[in-house]
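To keep things clear, I will list the structure first and then write my remarks on it.
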2 protein chains.
Amino acid sequence: MTPPAQQDGRRLRGERTREAVLTAAVAMASVDGLDGLSLGRLADDLGVSKSGLFAHWRDKEELQIATVAWARKQWQANVVQPAYAQPEGVRRLFAVHEARLAFYAAGILPGGCFFAAVEPELDDHPGAVRDCLVTAKREWLGFVRTLVEEAVVLGDLVPAADPDLLTFEIEALGAGAIFHARLVDRDDALDFSRRAVLHRLRALVTDPSLLPEG
Amino acid sequence: MTPPAQQDGRRLRGERTREAVLTAAVAMASVDGLDGLSLGRLADDLGVSKSGLFAHWRDKEELQIATVAWARKQWQANVVQPAYAQPEGVRRLFAVHEARLAFYAAGILPGGCFFAAVEPELDDHPGAVRDCLVTAKREWLGFVRTLVEEAVVLGDLVPAADPDLLTFEIEALGAGAIFHARLVDRDDALDFSRRAVLHRLRALVTDPSLLPEG
């Protein structure tokens with residue numbers, strides 16, 4: 001029998017391998033899409049055995065689903081969580097947009113954004129992977145919408161602000177930063193995206209001092 | 001010797017085949033991306049011989065480049081041209097956005113938008129195909145920017161309107177319609193995109209009667 005401590009050690013190493021592989025998979029998919037993922041390529045890149053990876057994911061679809069889940073965690077940690085440092089209302093709402101742009105600016109993923117790369121790839125291909133992307137997108141849009149509603153309830157934004165429309169605008173102007181950055185100009189893209197959302201919020205804010213000047 | 005009339009007939013049939021194949025290729029790429037294109041699949045779909053297609057394009061890259069050029073022509077005919085029915089200035093600028101949304105709403109491409117599908121696919125892959133996409137995007141953004149500048153010069157938009165920023169916003173809110181439509185809700189997406197651009201232009205227009213009410 002294997003002693004419990006040794007079992008824990010193995011489980012930990014297994015969990016660490018799993019996380020390292022998924023981090024590499026999110027990065028790879030941000031460049032080549034989810035169809036470009038393969039256990040063989042990941043094993044090569046990470047210098048681990050392919051059979052070891054099959055212990056975690058039986059097939060490509062399982063790996064793709066786990067990759068989407070890991071990208072959501074990464075987005076949560078980098079974009080959603082930092083915004084809670086700001087008080088509820090329009091300041092937190094704008095902080096989320098700034099955190100998103102900071103995540104892009106830091107170049108954490110070689111392709112810029114996992115979701116911007118794989119949503120267009122999968123949107124016409126029904127199945128379990130697309131379902132995960134739809135769930136992730138609805139969760140993200142729901143989160144932004146809640147922040148807008150809180151800002152209206154608190155009186156930071158005028159009552160006429162339309163939470164669904166404003167959520168669409170913030171999402172489109174945020175994703176637009178990636179598409180502009182990757183094909184036209186990276187610095188312009190981040191600057192335009194920030195100013196565009198700031199303009200939109202300034203038009204709806206009740207107290208301009210709640211938003212930055214520039 | 002082949003008589004001239006017969007030669008013309010062949011050339012015409014050749015040109016017609018070429019256009020039919022490229023139209024199918026743009027539609028196919030709007031769903032599966034440019035990497036998903038193959039002369040074999042196109043030949044099967046159109047019921048023509050694969051060797052006949054090789055007479056037009058020697059390899060996949062040539063076909064991909066011709067497909068991007070054809071998609072630009074399609075965009076020109078469906079989105080750019082109709083706007084010239086409106087007078088120069090902010091009316092023509094908003095007409096371009098409405099023509100884009102009408103093109104999406106008509107479902108002319110099974111994947112919604114060729115460029116929204118293939119730009120994220122190719123943006124991290126340097127080469128001749130990506131170069132064509134960059135040229136197409138710069139041409140499109142340059143066209144929108146010119147319309148913005150004309151609207152400022154004519155006095156339709158306030159002098160403080162920033163042509164580069166407004167071009168970024170119109171492009172992001174237009175592309176956002178496709179991403180929202182394909183994964184969340186199609187009708188909402190077109191409505192939000194229209195209202196978002198209208199809001200943005202209303203904030204900058206000198207004479208509100210130049211823009212539609214709703």
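Can we say B:THR167 is under 26 Å from B:ALA69 (Cβ atoms) and crowded, with 16+ Cβ neighbours inside 10 Å?
Working: under 26 Å from B:ALA69 (Cβ atoms): yes; crowded, with 16+ Cβ neighbours inside 10 Å: yes.
Yes: the conditions hold for B:THR167.
Here are the criteria: (1) in contact with a His (Cβ under 9 Å, 6 or more places away or on another chain); (2) touching a residue at least 12 places away in the same chain (Cβ under 8 Å). Tell me which single one A:GLY176 does not satisfy.
Every condition holds for A:GLY176 apart from (1).
Return the residues of the stretch B:133-160 that are open to solvent by less than 40 Å² (accessible area, probe 1.4 Å) and either within 11 Å of chain A (Cβ to nearest Cβ) or aromatic (Phe, Trp, Tyr) (or both); say none if nothing qualifies.
Listed by number, the residues that qualify are B:LEU133, B:VAL134, B:ALA136, B:LYS137, B:TRP140, B:LEU141, B:GLY142, B:PHE143.
Looking only at residues that are in contact with a strand residue (DSSP E or B) (Cβ under 9 Å, 6 or more places away or on another chain) and either part of a helix (DSSP H, G or I) or β-branched (Val, Ile, Thr) (or both) in the stretch B:175-205, which one is farthest from A:THR135 (Cα to Cα)? Write out each step before concluding.
From the stretch B:175-205, those in contact with a strand residue (DSSP E or B) (Cβ under 9 Å, 6 or more places away or on another chain) are B:201, B:204-205; that's our starting set.
Checking which are either part of a helix (DSSP H, G or I) or β-branched (Val, Ile, Thr) (or both) leaves us with B:201, B:205.
Numbers: B:LEU201: 33, B:VAL205: 39 Å.
Filtering first and then ranking leaves B:VAL205.
Determine whether B:ALA203 is of a type in the set (A, V, I, L, M), touching a residue at least 60 places away in the same chain (Cβ under 8 Å) and in contact with a helix residue (DSSP H, G or I) (Cβ under 9 Å, 6 or more places away or on another chain). Lay out the reasoning, then the answer.
Values: of a type in the set (A, V, I, L, M): yes; touching a residue at least 60 places away in the same chain (Cβ under 8 Å): no; in contact with a helix residue (DSSP H, G or I) (Cβ under 9 Å, 6 or more places away or on another chain): yes.
In short, no.
Among the residues of the stretch A:46-78, which ones are in a loop (DSSP other than H, G, I, E, B) and among the acidic types (Asp, Glu)? It would help to see each step written out before you state the result.
First, the residues of the stretch A:46-78 that are in a loop (DSSP other than H, G, I, E, B): A:47-49, A:55-59.
Once the filter is applied, which keeps residues that are in a loop (DSSP other than H, G, I, E, B) and among the acidic types (Asp, Glu), the stretch A:46-78 yields only A:ASP59.
Hey, can you tell me all the residues within the stretch A:106-124 that are more than 8 Å from every other protein chain (Cβ to nearest Cβ), on the phi < 0 side of the Ramachandran plot and surrounded by fewer than 16 Cβ atoms within 10 Å (Cβ to Cβ)?
The one that is more than 8 Å from every other protein chain (Cβ to nearest Cβ), on the phi < 0 side of the Ramachandran plot and surrounded by fewer than 16 Cβ atoms within 10 Å (Cβ to Cβ): A:ALA106.
Tell me, please, whether a residue that is in contact with a helix residue (DSSP H, G or I) (Cβ under 7 Å, 6 or more places away or on another chain) and either open to solvent by 70 Å² or more (accessible area, probe 1.4 Å) or modelled with pLDDT of 95 or more (or both) can be found in the stretch B:12-19.
Checked the stretch B:12-19: no residue is in contact with a helix residue (DSSP H, G or I) (Cβ under 7 Å, 6 or more places away or on another chain) and either open to solvent by 70 Å² or more (accessible area, probe 1.4 Å) or modelled with pLDDT of 95 or more (or both).
Going residue by residue through the stretch B:180-193, is there one that turns out to be hydrophobic (A, V, I, L, M, F, W, C), more than 13 Å from chain A (Cβ to nearest Cβ) and touching a helix residue (DSSP H, G or I) at 6+ places or on another chain (Cβ under 7 Å)?
no
Which one of these does A:ALA43 not meet: (1) in a helix (DSSP H, G or I); (2) open to solvent by 20 Å² or more (accessible area, probe 1.4 Å); (3) in contact with a Lys or Arg (Cβ under 7 Å, 6 or more places away or on another chain)?
Going through the list (1) in a helix (DSSP H, G or I); (2) open to solvent by 20 Å² or more (accessible area, probe 1.4 Å); (3) in contact with a Lys or Arg (Cβ under 7 Å, 6 or more places away or on another chain), A:ALA43 breaks only (2).
The values are calculated or read from the model by the stated rules, or taken from the named source; none is laboratory data. Keep in mind that this is a model prediction, so the values were computed, not measured. Cβ sites come from the backbone with ideal geometry, for glycine too, and all protein chains shown count toward neighbours. Side chains are part of the model used for accessible areas, which takes the heavy atoms of the whole protein and leaves out ligands, DNA and RNA. Shrake-Rupley method; radii C 1.70, N 1.55, O 1.52, S 1.80 Å.
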